[in-house]
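Read the structure below first, then the notes.
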Amino acid sequence: MIARVIGSLSLRARLTIWYSIALVAVLGLFGAVVVWQQGRIGVRRVDRELDAFASTLDNVLRDELAETSDPRAAAVEANRTIAAPDRPLAILDADGAVLAAGWHGLTLEGPIPVRHDVQVWTARTAAGAWRIHLLPATTRPRTFFLLVAAPLADVLREQREAEEAMWIGIPIALLLAAAGGLWLASIGLRPITGMARRAEALAPGGIEDLGPTDRGDELGQLARAFNGLVARLRQTLRTQRQFMADASHELRTPVSVIQSTADVILARDRGVSEYRDALATVGAEARRLGRLVDDMLVLARADAGGYPLRREHVYLNEIAADCTRTVDVLARERGVTVSASAAVDVPFVGDESLLRRMILNLLQNAVAHTREGSAVAVEVSPNGRSAYVRVTDQGEGIAAADRARIFDRFVQLDAARCGAGAGLGLPIARWIAEAHGGTLELEESGSEGSTFRIVLPTAD
């Protein structure tokens with residue numbers, strides 16, 4: 001219940017409450033230590049006074065024994081000489097019998113135990129608490145025991161006064177500290193309140209953020225992190241909008257072709273050959289539409305992190321050889337020769353279907369952009385703890401200004417071949433490489449052709 005009530009309060013109030021609770025504990029502990037230490041200091045002061053008093057009594061007793069050989073008479077005279085109204089004392093013989101005493105209100109229950117060492121204790125009687133010292137005093141050939149005591153009333157009074165001062169001072173200090181803590185919390189949280197107001201006013205498509213982030217403290221770190229998050233979210237929104245616009249454009253073309261073909265062919269009766277041509281056109285566009293939707297689904301699942309990799313032991317050189325045979329039919333139509341080479345077997349642990357798709361995308365891209373009658377080569381080779389896959393064509397190369405764009409989605413640099421694909425092959429290939437912990441980059445490009453390089457980390 002208490003936790004629910006505290007949780008419903010503002011952060012400023014909760015900080016002040018927890019700060020006040022911690023301060024109560026600290027001040028309470030401080031007060032207890034002060035009162036306890038005050039008592040120890042008072043008792044040590046009384047002990048020093050009793051030590052001095054006992055030393056004086058010992059000296060007086062020695063002087064009296066030097067004048068008379070009667071121990072009791074010497075004890076009585078020493079008691080009379082050093083008697084003080086607030087200092088009970090007693091002189092005992094070796095058996096603990098009292099030779100002379102001036103109790104001054106001190107009453108002890110039972111016989112006084114004597115030992116040949118100094119005894120110090122606190123006795124509580126009806127008259128109050130007393131500090132008592134009992135120590136041996138040897139005057140050859142006799143042994144005496146000197147008992148001296150002092151009331152602890154002053155010490156206890158000082159403790160009570162210190163305790164009263166704590167009961168008055170601690171609440172005052174707590175109130176002042178709580179008020180100061182509330183004020184400091186308000187000042188400390190004011191930038192967060194301002195950031196919250198600015199965050200509420202942020203537009204998804206705007207360029208505003210939380211303002212300057214030149215602070216070097218934690219609030220500056222929070223503002224910079226939030227600004228970075230806002231920038232990433234806006235970039236994601238722009239990417240999604242661009243993706244939807246590009247996807248709509250790419251999907252509209254095959255859908256329009258299918259719809260137009262159907263409208264024309266159904267406008268009147270046609271011959272068998274016309275129907276066959278129309279159906280071939282519809283089939284081709286439907287296949288293109290299917291490939292486009294499949295590519296978009298792959299990228300969407302990749303962006304969402306929901307495309308699991310089915311890892312297994314494969315050989316990259318065998319996958320590359322299979323891919324060259326797959327694109328060989330397309331390559332022969334343009335008079336292009338496709339070859340694969342690998343000096344040794346290159347083992348790898350990865351998703352075979354995705355790896356095959358990655359290399360196929362690069363080969364199809366190379367075949368589509370190489371010169372007619374030229375060659376496309378794929379080379380697989382180990383390199384330390386990595387495996388390299390290079391796909392080289394003999395096309396016209398990629399302009400320097402376009403090399404940073406070729407891995408963007410729906411980018412098609414060759415306008416003459418815009419109908420052959422949707423510009424998703426290279427983005428998908430790069431994602432597959434990165435999903436396996438590797439990279440895909442344009443290694444070189446010039447008038448003699450281009451080379452794309454895949455680097456995949458192999459197992460230790």
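Answer yes if at least one residue in the range 92-107 is loosely packed, with under 15 Cβ neighbours inside 10 Å and among the aliphatic types (A, V, I, L, M), and no otherwise.
Of the range 92-107, the ones loosely packed, with under 15 Cβ neighbours inside 10 Å are 94-97, 103, 105, 107.
Checking which are among the aliphatic types (A, V, I, L, M) leaves us with 94, 97.
For the range 92-107, residues loosely packed, with under 15 Cβ neighbours inside 10 Å and among the aliphatic types (A, V, I, L, M): present.
Tell me which strands (runs of 3 or more DSSP E) are completely within the range 256-367 and hold 2 or more residues being open to solvent by less than 30 Å² (accessible area, probe 1.4 Å), or say none if there are none. Walk me through how you get there before you give the answer.
Values: elements: 311-315, 337-342, 347-351.
Result: 347-351.
So how many residues does the range 369-386 have that are surrounded by fewer than 14 Cβ atoms within 10 Å (Cβ to Cβ) and under 54 Å from the mean Cα position of the chain (by Cα)? Before the answer, list the steps.
Taking the range 369-386 first, the residues surrounded by fewer than 14 Cβ atoms within 10 Å (Cβ to Cβ) are 372-373, 383-385.
Restricting the remaining residues to those that are under 54 Å from the mean Cα position of the chain (by Cα) gives 383-385.
Final tally of qualifying residues: 3.
Looking at (1) loosely packed, with under 11 Cβ neighbours inside 10 Å; (2) modelled with pLDDT of 70 or more, can you tell me which one residue 241 breaks?
(1)
Identify all residues within the range 347-366 that are out of contact with any Gly (no Cβ under 6 Å at 6 or more places or on another chain) and under 18 Å from residue 443 (Cβ atoms); write none if there are none. Give the steps one after another, and end with the answer.
Let us first name the residues in the range 347-366 that are out of contact with any Gly (no Cβ under 6 Å at 6 or more places or on another chain), namely 347-360, 362-364, 366.
Listed by number, the residues that qualify are 358, 359, 362, 363, 366.
Filter the range 77-100 for residues that are part of a loop (DSSP other than H, G, I, E, B) and farther than 16 Å from residue 142 by Cα and give the result.
Applying the first criterion (part of a loop (DSSP other than H, G, I, E, B)) to the range 77-100 yields 83, 85-86, 88, 93-97.
Selection gives 83, 85, 86, 88.
Restricting attention to the range 5-53, which residues are surrounded by 15 or more Cβ atoms within 10 Å (Cβ to Cβ) and among the small types (Gly, Ala, Ser)?
Scanning the range 5-53 gives 20, 31, 39, 42.
Kindly check whether there is at least one residue in the range 372-385 that is under 15 Å from residue 450 (Cβ atoms) and of a type in the set (S, T, N, Q).
yes
State whether the residues of the range 66-80 include one that is among the small types (Gly, Ala, Ser), touching a strand residue (DSSP E or B) at 6+ places or on another chain (Cβ under 9 Å) and within 26 Å of residue 155 (Cβ to Cβ).
no
Examine the range 31-49 for a residue that is in contact with a strand residue (DSSP E or B) (Cβ under 8 Å, 6 or more places away or on another chain) and charged (D, E, K, R), and state whether such a residue exists. Quick ask: steps written out before the conclusion?
As a first pass, look at the range 31-49 and keep what is in contact with a strand residue (DSSP E or B) (Cβ under 8 Å, 6 or more places away or on another chain): 43, 46-47, 49.
So of that shortlist, the ones also charged (D, E, K, R) come out as 47, 49.
Among the residues of the range 31-49, at least one is in contact with a strand residue (DSSP E or B) (Cβ under 8 Å, 6 or more places away or on another chain) and charged (D, E, K, R), which makes the answer yes.
Go through (1) part of a strand (DSSP E or B); (2) in contact (Cβ under 8 Å) with a residue 40 or more places away in the chain and name the single condition residue 381 misses.
Just one mismatch for residue 381, condition (2).
For every residue, the table says whether it meets (1) at negative phi; (2) buried (at least 17 other Cβ atoms within 10 Å of the Cβ); (3) touching a Leu at 6+ places or on another chain (Cβ under 9 Å); (4) acidic (Asp, Glu).
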residue	(1), (2), (3), (4)
110	no, no, no, no
125	yes, no, yes, no
143	yes, no, no, no
151	yes, yes, yes, no
154	yes, no, no, yes
162	yes, yes, no, no
168	yes, no, no, no
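Is there any pair with a first residue in the range 306-322 that is under 16 Å from residue 381 (Cβ atoms) and a second that is part of a loop (DSSP other than H, G, I, E, B) and among the aliphatic types (A, V, I, L, M) whose Cβ atoms are under 6 Å apart and which are 6 or more apart or on different chains, and what are they?
Pairs that qualify, where the first residue is under 16 Å from residue 381 (Cβ atoms) and the partner is part of a loop (DSSP other than H, G, I, E, B) and among the aliphatic types (A, V, I, L, M), are 316/346; 317/346.
The values are calculated or read from the model by the stated rules, or taken from the named source; none is laboratory data. Treat the numbers as computed from the prediction; the structure is a model and nothing was measured. All Cβ positions, even for glycine, are placed from backbone atoms using ideal geometry, and neighbour counts span all protein chains on display. Accessible surface areas use protein heavy atoms only, side chains included; no ligands, DNA or RNA. Shrake-Rupley method; radii C 1.70, N 1.55, O 1.52, S 1.80 Å.
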